[in-house]
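Below: one structure, written as structure tokens.
The values are calculated or read from the model by the stated rules, or taken from the named source; none is laboratory data. Because the structure is predicted, anything quoted here is derived from the model rather than measured. Neighbour counts are summed over all protein chains in view; Cβ atoms, including those assigned to glycine, are modelled from backbone coordinates with ideal geometry. Surface areas here come from the heavy atoms of the whole protein model, side chains and all, with no ligands, DNA or RNA. Shrake-Rupley method; radii C 1.70, N 1.55, O 1.52, S 1.80 Å.
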Amino acid sequence: MEFLKNNYEKVILSVVLLGLAVAAVLLLTWVGNEKRALEEIEQGIIQVPPKPLKPVDLSTNEMVLQRLVKASNLHLSGEHNLFNPVQWQKMPDGRLIPLRTGREIGAGALTVTHITPLYLKVEYEGTAGTGDGLQYRFKVAREAEKTPSKRIPTTLSVTSVGQKNPVFVLKELKPKDEPTEFSLEMVEDKDVVVVTRDKPYVNVAGYSADLKYDPERLTFMGKRVGDSLVFAGDTNKIVAITATNVTVQATSTKRTTVPYTPTP
């Protein structure tokens, strides 16, 4: 006991140091165990295969892209009535016609049903008289004349080179004794044409046209340049006719060309 009394501090210190040594040994063991546990956990995480991700639904996005690629045009004109209310026109017979394009009434509604060529024909008929009174006779048809009486075929005569009638001037005879070929200069356009006993001169001098106006159920037959057409409360004058169209001019000076499509 005397020894403990004299050395109790050393004994306590020795016990503490021994406890510390034991704690250090136990700490090393514990650290090793924890390290191994962590490694096992890590290996477990790495070795487990990941679950595949669910595919993302992009259908709505693809639809939007398709709309951008094939964008629909916004039509603010045309036959719809959202911004274009339709005007209706009452016809003299009481019918109502929708005015969608602006060509349902007026000159735009004219239709050419037929175009007929009008010919200038000069045909050699023979001679009349003898000697100095010898005449060369030609049958002339002028279908394009404005005056109806002048459209009737008539016989015109000339006696010598240089003589003139209302249609032509005789320019040359071949042969001179008993001619079979005649060179004629047309009075209207100064063209020189040749007429023989077997071959008359035939040329298109103009056209006449048949037209109809469906909104008022009107027909205009055999109309020529200069004729007037009354429809839609206005007077339209024919100013030109070709083989493919008819041009009319209203009193307001507006011109409209109506195409002609022959029936097959």
**Prompt:** Restricting attention to region 67-86, and to residues there that are over 29 Å from Phe231 (Cβ atoms) and surrounded by 10 or more Cβ atoms within 10 Å (Cβ to Cβ), which single residue is modelled with the highest pLDDT?
**Reply:** Arg67
**Asked** Inside region 1-31, can you point out the residues that are exposed (fewer than 10 other Cβ atoms within 10 Å of the Cβ) and modelled with pLDDT under 75?
**Response** Met1, Glu2, Phe3, Leu4, Lys5, Asn6
**Prompt:** Looking at this structure, is Thr130 open to solvent by less than 100 Å² (accessible area, probe 1.4 Å), modelled with pLDDT of 75 or more and of a type in the set (Ser, Thr, Tyr)?
**Reply:** no
**Message:** Condition first: open to solvent by 40 Å² or more (accessible area, probe 1.4 Å) and in contact (Cβ under 8 Å) with a residue 40 or more places away in the chain. Now tell me which residues in region 190-218 satisfy that.
**Reply:** Arg197, Pro200, Val202, Asn203, Val204, Ala205, Tyr207, Lys212, Asp214, Glu216, Arg217
**Request:** Please enumerate the residues belonging to region 57-66 that are in a helix (DSSP H, G or I) and open to solvent by 100 Å² or more (accessible area, probe 1.4 Å).
**Result:** Glu62, Met63, Leu65, Gln66
**Prompt:** How many residues does region 226-250 contain that are loosely packed, with under 12 Cβ neighbours inside 10 Å and over 16 Å from Tyr213 (Cβ atoms)?
**Reply:** 2
**Prompt:** In this structure, does Lys199 turn out to be more than 17 Å from Ala141 (Cα to Cα) and among the charged types (D, E, K, R)?
**Reply:** no
**Message:** Against the conditions (1) touching a strand residue (DSSP E or B) at 6+ places or on another chain (Cβ under 8 Å); (2) modelled with pLDDT under 95, where does Tyr207 fall short? Just the number, please.
**Reply:** (2)
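Among the residues of region 227-242, count how many are outside any strand (DSSP E or B) and in contact with a strand residue (DSSP E or B) (Cβ under 6 Å, 6 or more places away or on another chain).
Total meeting the criteria: 1.
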**Message:** For region 136-157, give me the residue count where each residue is buried (at least 17 other Cβ atoms within 10 Å of the Cβ) and closer than 19 Å to Asp198 by Cα.
**Reply:** 4
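So that you can scan it fast, the table gives a plain yes or no per residue for (1) touching a Ser or Thr at 6+ places or on another chain (Cβ under 6 Å); (2) surrounded by 13 or more Cβ atoms within 10 Å (Cβ to Cβ); (3) closer than 30 Å to Ile105 by Cα:
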site	(1), (2), (3)
Glu123	no, yes, no
Val169	no, yes, no
Ser183	no, yes, no
Glu188	no, no, no
Arg224	yes, yes, yes
**Asked** Say we look at region 87-121 and pick out the residues that are out of contact with any helix residue (DSSP H, G or I) (no Cβ under 9 Å at 6 or more places or on another chain) and of a type in the set (Val, Ile, Thr); which of these is surrounded by the most Cβ atoms within 10 Å (Cβ to Cβ)?
**Response** Val112
